[in-house]
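Here's the structure we're looking at; comments come further down.
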Amino acid sequence: MAETILVTGSTGFIGARLLSYLAKEGENIRVFLRHESSCGALPEGVEVIRGSFSDPAALARAVRGVDRIVHLAGLTKALDEAGYEAGNVMPVQNLLDAVSMHNPDLKRFLFVSSLTAAGPASEGVSGVRESDIPRTVSAYGRSKLRAETLCLERSSHIPVTIVRPPAVYGPGDRDVLQVFQMLAKGVLVTAGSAARQRFSMIYVDDLVSGIMMAARSDKAAGRTYYITSPRSYSWDEIIAASKPELGFKKLYRVSLPDPFVFLVGMLIGSASSLFGKPALINRDKANELVQDYWVCSAEQARLDFGFTASTSLVEGIAKTISWYRRQGWL
């Protein structure tokens, strides 16, 4: 029997793929949109509730009668801690308040957090596990961790599950696109030690599948999971997987040293503060970029609800680049 699922952040990269997944499964979909957001790309039959996360009446309409909630909405860039608090912490607080008041029989509240809430690993093979003490290195990560704490504080009466994706790539993504655009020109500029760095990554459709497996698993209630690739990858592996699709013959690589990355982050961040607009990089983001091991373990999700990412790096990159080309992005 079809369930009614509320999705926030539905117009974003991951949200759009999640709606397609749910529509194919025949679920009843409800989305919570800001008043200014377009709903033209939504699948047919989606119910739209408009409002803001500071509007209790709109949140009540959004959560009332749904079976599960997937909270994807959030900010990845902000001027300061207060901006991240408003974009990543306050919405979770107010959504949970609305659930407590208007939907006490909710089957699951799934919060999509981030690997940055845990921080980088100390090594690049096994990576961080759910039981490790977080060591966040950025304001964004701290805001996600505070939102996670709010969820777990309510877990005695609201069935919450937290998932922490690593780097997510796939059709529709604009962040990893920048890497492919550089590679297509035969250039790769990285921050920190490219020779040491390793990354957990996940193809967006695998992430969406993992999110819904976690949201439906009885064992996952009250717990946190990494939804990630079975292993980590080096820059060399990413380059090798991209080369057949992009066709570059030579590649000029530049690894920017940490002090230079911090200097650039400080200068651009200071300028962005003057203009009141978040920058792509500031000193805080620089601290994320220079880390060696953004790596996490997929083991607990496999054990508890059978999740394994099925898309290889080579296959995922091929699909992604093909989509970029069809859209004229590459």
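The values are calculated or read from the model by the stated rules, or taken from the named source; none is laboratory data. Bear in mind that the values here come from a model prediction, so they are computed numbers and not experimental data. Don't worry about glycine lacking a Cβ; one is built from the backbone with ideal geometry, like all the others, and counts go over all protein chains shown.
I'd like to know if segment 262-274 contains one or more residues that are modelled with pLDDT under 95, farther than 30 Å from ILE162 by Cα, of a type outside the set (S, T, N, Q) and surrounded by fewer than 14 Cβ atoms within 10 Å (Cβ to Cβ). Yes, the conditions are met somewhere in segment 262-274. Within segment 195-206, the set of residues being surrounded by 18 or more Cβ atoms within 10 Å (Cβ to Cβ) and of a type outside the set (Ser, Thr, Tyr) comprises GLN197, ARG198, PHE199, MET201, ILE202, VAL204, ASP205, ASP206.
Report yes if LEU145 is surrounded by fewer than 19 Cβ atoms within 10 Å (Cβ to Cβ) and modelled with pLDDT of 95 or more, otherwise no. So LEU145 fails the test. Within segment 88-131, the set of residues being surrounded by fewer than 19 Cβ atoms within 10 Å (Cβ to Cβ) and touching a Ser or Thr at 6+ places or on another chain (Cβ under 9 Å) comprises MET90, ASN94, VAL125, SER126, ARG129, GLU130.
Filter segment 217-240 down to the residues that are closer than 15 Å to ARG108 by Cα, part of a helix (DSSP H, G or I) and either free of Cβ contacts under 8 Å to residues at least 24 places away in the same chain or among the aliphatic types (A, V, I, L, M) (or both) and list them by number.
Across segment 217-240, the qualifying residues are ASP218, ALA220.
PHE248 meets the stated requirement of being more than 24 Å from the chain's Cα centre (by Cα) and in a loop (DSSP other than H, G, I, E, B). Annotation: of all residues in segment 299-327 being touching a residue at least 40 places away in the same chain (Cβ under 8 Å) and small (Gly, Ala, Ser), the one that is surrounded by the fewest Cβ atoms within 10 Å (Cβ to Cβ) is GLY306. Go through segment 23-65 and give me each residue that's of a type in the set (Val, Ile, Thr) and surrounded by fewer than 22 Cβ atoms within 10 Å (Cβ to Cβ). Of everything in segment 23-65, those that are of a type in the set (Val, Ile, Thr) and surrounded by fewer than 22 Cβ atoms within 10 Å (Cβ to Cβ) turn out to be VAL46, VAL48, ILE49. Counting only strands (runs of 3 or more DSSP E) that fall entirely inside segment 157-216 and contain at least 2 residues that are under 23 Å from VAL7 (Cα atoms) and either at pLDDT 95 or above or among the aliphatic types (A, V, I, L, M) (or both), the qualifying elements are 160-163, 167-169, 201-203. For beta carbons closer than 6 Å, sequence separation of 6+ or different chains, a first residue in segment 86-112 that is over 12 Å from SER54 (Cβ atoms) and a second that is of a type in the set (Gly, Ala, Ser) and surrounded by 19 or more Cβ atoms within 10 Å (Cβ to Cβ), the qualifying pairs are ASN88/GLY74; ASN88/SER143; ASN88/ALA147; VAL89/SER143; VAL89/ALA147; VAL92/ALA147; ARG108/ALA215; LEU110/ALA215. Within segment 185-206, being of a type in the set (A, V, I, L, M, F, W, C), touching a helix residue (DSSP H, G or I) at 6+ places or on another chain (Cβ under 7 Å) and more than 29 Å from TYR21 (Cβ to Cβ) holds for LEU188, VAL189, ALA191, ALA194. Inside segment 12-34, can you point out the residues that are within 22 Å of VAL99 (Cβ to Cβ) and not charged (D, E, K, R)? Within segment 12-34, GLY12, ILE14, GLY15, LEU18, LEU19, LEU22, ASN28, ILE29, VAL31, PHE32, LEU33 meet the criteria.
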